[in-house]
Amino acid sequence: MSVTNLRPNMDHWAERVDLAAAFRWTARLNLHEAVANHFSLAIHDDGTRFLMNPNQMHFARIRASDLIVVDANDPETLTGPDAPDPTAWGLHGGIHRHVPHARCAMHVHSIFATVLASLADSRLPPIDQNCATFFNRIVIDENYGGLAFEEEGERCAALFDDPKKKVMVMGNHGVLVIGQSVAETFNRLYYFERAAETYIRALQTGMALRVLPDDVAEKTARELEAYPEQDVRHLAELKSILDAEGSDYAS
């Protein structure tokens with residue numbers, strides 16, 4: 001029997017299990033940075049109550065039962081047990097207060113996305129299918145203002161004003177990915193890092209890039225957006241691997 005059924009009596013258990021699996025796989029792929037990054041998932045209709053990782057807990061150890069409930073409208077959240085750190089509150093609180101289509105938000109300092117965020121030109125040209133996925137679907141923050149305390153988090157949230165754009169390249173910082181579910185958001189995070197890696201490695205060759213025409217890139221992006229259940233199946237496979245390994249992520 002799958003370990004995903006060990007604590008069905010805890011609220012939002014299925015969502016907790018999905019989020020815990022995403023934490024574990026993010027650590028396995030080394031997309032995180034120490035204990036500094038954050039994922040969140042809305043559990044309330046207006047999105048302002050959300051699950052989040054406890055402060056300073058390594059992604060590789062997070063279990064479904066470890067996730068805390070945060071209220072974006074209640075600063076007292078910061079005084080509770082295992083409260084998120086102020087930057088997590090600032091960034092994710094701002095997102096969940098002001099971006100209704102962001103049910104899930106994942107922020108990491110993954111290597112290749114952060115390299116892209118460090119370039120003077122942080123655009124991602126459509127040089128392959130993965131890169132084309134994000135054609136005209138990225139917002140670039142060019143006004144980094146320091147750690148993402150509340151004011152900085154509010155500023156970042158305001159940049160997600162186009163529902164089509166669900167990836168923010170946070171200039172001089174990292175990447176922030178949003179979506180409607182854990183599966184959708186993690187899948188987008190995974191492929192964005194892959195796309196950024198392809199682009200950075202292509203730049204390293206010093207040779208001319210083969211860039212897709214805009215119409216082909218847009219067509220490809222739309223086709224991938226409509227591709228059935230890839231995100232759900234991706235996460236399900238990852239959970240199956242974790243289950244087979246005897247992981248405690250779903251406990």
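The values are calculated or read from the model by the stated rules, or taken from the named source; none is laboratory data. Since the model is a prediction, treat every value here as computed from it, not as a measurement. Note that we place each Cβ from the backbone using ideal geometry, even for glycine, and neighbour counts take in every protein chain shown.
Looking only at the range 152-166, filter to residues that are of a type in the set (D, E, K, R) and surrounded by 12 or more Cβ atoms within 10 Å (Cβ to Cβ); which one of those is modelled with the lowest pLDDT? Give the steps one after another, and end with the answer.
Filtering the range 152-166 for residues of a type in the set (D, E, K, R) gives 152, 154-155, 161-162, 164-166.
Those still in the list that are surrounded by 12 or more Cβ atoms within 10 Å (Cβ to Cβ) too: 152, 154-155, 165-166.
Values: GLU152: 79, GLU154: 86, ARG155: 88, LYS165: 97, LYS166: 97.
Out of the qualifying residues, it is GLU152.
Consider PHE160 against the criteria (1) without any contact (Cβ under 8 Å) to a residue 40 or more places away in the chain; (2) part of a loop (DSSP other than H, G, I, E, B): it satisfies all of them except one. Which criterion is unmet?
The failed condition is (1).
Quick check on VAL70: is it modelled with pLDDT under 95, β-branched (Val, Ile, Thr) and in a loop (DSSP other than H, G, I, E, B)?
Criteria not met by VAL70.
Restricting to the range 100-132, name every residue that is buried (at least 21 other Cβ atoms within 10 Å of the Cβ), over 30 Å from ARG49 (Cα atoms) and under 18 Å from the mean Cα position of the chain (by Cα). Outline the logic, then answer.
First, pick out the residues of the range 100-132 that are buried (at least 21 other Cβ atoms within 10 Å of the Cβ): 102-108, 110, 113, 116-117, 124, 126, 130-132.
From what is left, the residues that are over 30 Å from ARG49 (Cα atoms) are 116, 124, 126, 130-132.
LEU116, LEU124, ASN130, CYS131, listed by residue number.
Out of ILE140, ILE127, report the one residue that is of a type in the set (Val, Ile, Thr), assigned to a loop (DSSP other than H, G, I, E, B) and at pLDDT 95 or above. Step through it out loud before you land on a result.
Values: ILE140 fails: assigned to a loop (DSSP other than H, G, I, E, B).
Going through ILE140, ILE127 in turn, just one is of a type in the set (Val, Ile, Thr), assigned to a loop (DSSP other than H, G, I, E, B) and at pLDDT 95 or above: ILE127.
So how many residues does the range 198-251 have that are of a type in the set (D, E, K, R), assigned to a loop (DSSP other than H, G, I, E, B) and within 30 Å of MET57 (Cα to Cα)? Spell out the reasoning first.
At the first step, the residues of the range 198-251 found to be of a type in the set (D, E, K, R) are 201, 210, 214-215, 218-219, 222-223, 225, 229, 231, 233, 237, 239, 243, 245, 248.
This time we only want the ones that are assigned to a loop (DSSP other than H, G, I, E, B), so: 210, 229, 245, 248.
If we keep only those that are within 30 Å of MET57 (Cα to Cα) too, we end up with 245, 248.
Count: 2.
Regarding ALA60, is this residue buried (at least 16 other Cβ atoms within 10 Å of the Cβ), touching a helix residue (DSSP H, G or I) at 6+ places or on another chain (Cβ under 7 Å) and of a type outside the set (D, E, K, R)?
It is false that ALA60 is buried (at least 16 other Cβ atoms within 10 Å of the Cβ), touching a helix residue (DSSP H, G or I) at 6+ places or on another chain (Cβ under 7 Å) and of a type outside the set (D, E, K, R).
Could you pull out the residue among ASP214, ASP243 that is within 20 Å of ALA22 (Cα to Cα) and out of contact with any Asp or Glu (no Cβ under 6 Å at 6 or more places or on another chain)?
Answer to the selection: ASP243.
Limited to the range 40-67, what total is found for residues that are in contact with a His (Cβ under 6 Å, 6 or more places away or on another chain) and modelled with pLDDT under 90?
2
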